[in-house]
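J.: Can you keep this structure in mind? I'll have questions shortly.
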Amino acid sequence: MAILSVNIDHVATVREARRTYEPDPVVAALEAELGGALGITCHLREDRRHIQDADVDRLAEVVSLPLNFEMAATDEMVEIALRIKPASAMLVPEGRDEVTTEGGLDVAAQRDRLTDIVTRFNEAKIPTSAFIDAEISQIEAAASCGFAVCEVHTGPWAHACYEHGAESQKAQSELGRVADAGRQITQAGMRFNAGHALNYENVQPIAMLADLCELHIGHAIISRAIFTGIQTAVRDMVGLIENASP
């Protein structure tokens, strides 16, 4: 059964809208743990639009759950990751004009650079993950770079569900692409994770995929938490994942 790692970026988004000190994403992480999360994810972007450096330091110090540190493949972020030593470092693409991550990392186009980063992280005993689209070329490139984990971008599945329905041909095709990618990732000796745009309506078909290790979900949980509180929102999502069945 896949475990849930809760992304707490959007708590910081609310805080940064007022450039103030609340709500505190570290408190949100602690609440997520009480709700049954088994991991915490945060993304320190180059533009610092939500999570800030001080948040990362406090998360690394205070939170007892494994910390998944999302980051761009830049020298600055590599040095931060090496300093805080998260449970895992996930390399993602970044664009200054994007609202959120819009696609997977093009590993195949930057093998040398990414291999160097993965090597440095391996030496520091930090497992490295690549956030990729469900494409065999990217899986093969990630394996050649030495990544331990591939997280498959589930945005196309989620958007197809919203626009056409989960049983539509389009959605089922996207689900099949994620499933195929998961098999290829596992066969290449890497862990299979998944995330992006997953919510309470579309998570279960992904959660029941073979060999899936971890789901990273943030926006949907924080959105529900506005009405229910974080512990309940996390507990509801954990329940859906645990009860997913073929």
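The values are calculated or read from the model by the stated rules, or taken from the named source; none is laboratory data. Note that this is a predicted model, so its numbers are computed, not measured. Quick reminder, even Gly has a Cβ in these numbers, built from the backbone with ideal geometry, and neighbours come from all protein chains shown.
J.: Show the residue pairs that are 6+ apart or on different chains and have beta-carbon atoms under 7 Å apart, the first residue being within the range 199-215 and surrounded by fewer than 17 Cβ atoms within 10 Å (Cβ to Cβ), the second being modelled with pLDDT of 95 or more and in a strand (DSSP E or B).
T.: Between residues of the range 199-215 that are surrounded by fewer than 17 Cβ atoms within 10 Å (Cβ to Cβ) and residues that are modelled with pLDDT of 95 or more and in a strand (DSSP E or B), the close pairs are ASP211/PHE192.
J.: Could I ask something else about it? Take the residues in the range 44-82 that are more than 22 Å from ASP24 (Cα to Cα) and free of Cβ contacts under 8 Å to residues at least 12 places away in the same chain; name whichever of them is surrounded by the fewest Cβ atoms within 10 Å (Cβ to Cβ).
T.: Residue satisfying both the conditions and the ranking: ASP75.
J.: I would also like to ask the following. Is there a residue in the range 142-162 that is of a type in the set (A, V, I, L, M), under 17 Å from the mean Cα position of the chain (by Cα) and within 23 Å of ALA60 (Cβ to Cβ)?
T.: yes
J.: Being closer than 29 Å to LEU240 by Cα and of a type outside the set (S, T, N, Q) is true for just one of GLU79, GLU22, GLU70. Which residue is that?
T.: GLU70
One line per residue, one yes/no per condition, for (1) under 19 Å from ILE3 (Cβ atoms); (2) at pLDDT 95 or above; (3) assigned to a helix (DSSP H, G or I); (4) among the aromatic types (Phe, Trp, Tyr):
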| site | (1), (2), (3), (4) |
| --- | --- |
| ALA142 | no, yes, yes, no |
| GLU151 | yes, yes, no, no |
| ALA158 | no, yes, yes, no |
| TYR162 | no, yes, yes, yes |
| ALA171 | no, yes, yes, no |
| ARG177 | no, yes, yes, no |
| THR186 | yes, yes, yes, no |
